[in-house]
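One structure, as structure tokens, below. Some questions next.
The values are calculated or read from the model by the stated rules, or taken from the named source; none is laboratory data. Being a predicted model, the structure only gives us computed values, none of them experimental. For neighbour counting, all protein chains shown are included, and Cβ atoms are generated from backbone atoms with ideal geometry for every residue, glycine included.
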Amino acid sequence: MPDNETHNETLVDKKVTYSIEVDGRLVIIEDVPARVNVETGERYFSPETVERLQQAVWERYRPVRTIETLVYEYAAFVSDESLQPS
């Protein structure tokens, strides 16, 4: 890209779902405020939001609900025909 060419990012305020694995458990936090790049989907969080997310994960607040989820191992998924859709 030439030096005189600028790239304008378009960011929009959205509520997103944040997920992280902690001690083998998937933690999901919904409705997190973020700035989202409309082209790439990259999410940006304010320092205050990051602090709250860390606090929620490490202090293990009581969840609003619990869900069950399926887990696949990628290598098995692509090589084992028994895992292919029927």
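Can we say Ile28 is in a strand (DSSP E or B) and β-branched (Val, Ile, Thr)?
For Ile28, the condition - in a strand (DSSP E or B) and β-branched (Val, Ile, Thr) - is met.
Every residue in region 39-73 that is modelled with pLDDT under 95 and aliphatic (A, V, I, L, M), please.
Leu53, Ala56, Val57, Val64, Ile67, Leu70, Val71
Residues in region 38-55: is at least one outside any loop (DSSP other than H, G, I, E, B) and farther than 30 Å from Asn8 by Cβ?
Scanning region 38-55 turns up at least one residue that is outside any loop (DSSP other than H, G, I, E, B) and farther than 30 Å from Asn8 by Cβ.
Look at Tyr18 and say whether it is among the aromatic types (Phe, Trp, Tyr), modelled with pLDDT under 85, outside any helix (DSSP H, G or I) and surrounded by 10 or more Cβ atoms within 10 Å (Cβ to Cβ).
no
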